[in-house]
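Below: the structure, in structure tokens.
The values are calculated or read from the model by the stated rules, or taken from the named source; none is laboratory data. Small disclaimer: the values here were computed from a predicted structure and weren't measured. Every residue, glycine among them, receives a Cβ derived from its backbone with ideal geometry; neighbour counts consider all protein chains shown. For accessibility, only protein heavy atoms count, side chains too; no ligands or nucleic acids. Shrake-Rupley method; radii C 1.70, N 1.55, O 1.52, S 1.80 Å.
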Amino acid sequence: MPQVDQIWRYPIKSHGREELSCAKMVAGETLPWDRAWAVAHEHSDADGTKWASCQNFSRGSKAPSLMAIRSQFDEKTNAITLKHPNLPDLTFNPDNEQQKFLDWAGPLIPSNRSQSARLVRSQKNGLTDTDYPSISIGNLASHRAVCQKFGRELSLARWRGNIWINGLAPWEEFDWIGKRVKIGSVIFLVKERVIRCMATTANPDTGVRDADTLGVLDTWGHRDFNVYAVAETSGEIRLGDAVSVI
């Protein structure tokens with residue numbers, strides 16, 4: 001039976017990734033602390049009070065170096081530690097030490113792109129790429145199919161998924177659109193495919209673009225990878241939990 005292989009969250013949108021062993025889901029909400037903050041650029045008026053599209057934020061599609069950030073969030077102290085291969089480690093509170101963060105992350109934004117201006121905190125459901133509280137579900141078999149066609153191993157972190165499933169057939173997740181999937185004790189409604197962007201072309205270890213992931217996806221006639229879902233019930237999901245369509 002298919003089961004959960006990995007769980008990831010991204011406390012600051014496009015600025016780091018963190019692997020988890022479990023997550024307490026709440027119906028109608030994102031994965032806890034996923035995209036809780038985002039970095040608005042100088043030409044954006046996003047303030048976190050309502051959903052805003054990804055074009056309002058500094059992100060990996062425009063600044064590939066951001067893809068190499070790793071993060072660790074301490075829920076008790078509200079402190080985030082960020083690591084990047086070209087920068088010293090940074091630990092800060094995103095709610096009251098914004099300048100400390102901006103000074104650290106600023107060099108990762110190309111000079112010909114809109115510069116990062118401020119951190120904004122979501123006042124509702126997380127600043128995901130959808131206007132609803134989405135959770136992205138990925139299929140390891142689909143990832144392996146991309147790697148095989150590309151001709152070498154690619155990091156799973158390129159796709160920035162939340163929940164990764166092992167034990168499915170390649171692209172089986174696309175058949176879930178409009179269906180309900182049970183993961184552990186939590187029921188998710190799968191809503192749509194995830195359309196990919198240039199962020200996936202960057203190596204998550206180096207932040208350098210080194211793989212034409214979009215070109216590989218084009219050979220299947222689309223640029224879709226992973227699916228978006230919403231949690232319809234509350235509960236905890238853990239590594240090894242069974243996954244089934246209901």
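Some values worked out for this structure:
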| quantity | calculated |
| --- | --- |
| Leading residue by the ranking (farthest from Trp51 (Cα to Cα)) among those in region 116-132 that are among the charged types (D, E, K, R) and surrounded by fewer than 17 Cβ atoms within 10 Å (Cβ to Cβ) | Arg121 |
| From Arg144, Arg70, Arg113, residue being more than 18 Å from Ala199 (Cα to Cα), open to solvent by 80 Å² or more (accessible area, probe 1.4 Å), at pLDDT 95 or above and not β-branched (Val, Ile, Thr) | Arg144 |
| Enumerated strands (runs of 3 or more DSSP E) restricted to region 173-246, each holding at least 2 residues that are surrounded by 15 or more Cβ atoms within 10 Å (Cβ to Cβ) | 180-183, 186-195, 224-231, 235-238 |
| Region 27-53, residues that are open to solvent by 10 Å² or more (accessible area, probe 1.4 Å), β-branched (Val, Ile, Thr) and under 18 Å from the mean Cα position of the chain (by Cα) | Thr30 |
| Which numbered condition Pro88 misses (of (1) under 24 Å from Arg158 (Cα atoms); (2) more than 21 Å from the chain's Cα centre (by Cα); (3) not in a strand (DSSP E or B)) | (3) |
| Within region 31-56, tally of residues that are more than 23 Å from Ile163 (Cβ to Cβ) and of a type in the set (A, V, I, L, M, F, W, C) | 4 |
| Meets criteria (under 20 Å from the mean Cα position of the chain (by Cα), under 23 Å from Asp45 (Cβ atoms) and either touching a residue at least 60 places away in the same chain (Cβ under 8 Å) or assigned to a loop (DSSP other than H, G, I, E, B) (or both)) for Asp95 | no |
| Test: residue in region 133-140 that is surrounded by fewer than 18 Cβ atoms within 10 Å (Cβ to Cβ) and either touching a Pro at 6+ places or on another chain (Cβ under 6 Å) or over 17 Å from Thr200 (Cα atoms) (or both) | no |
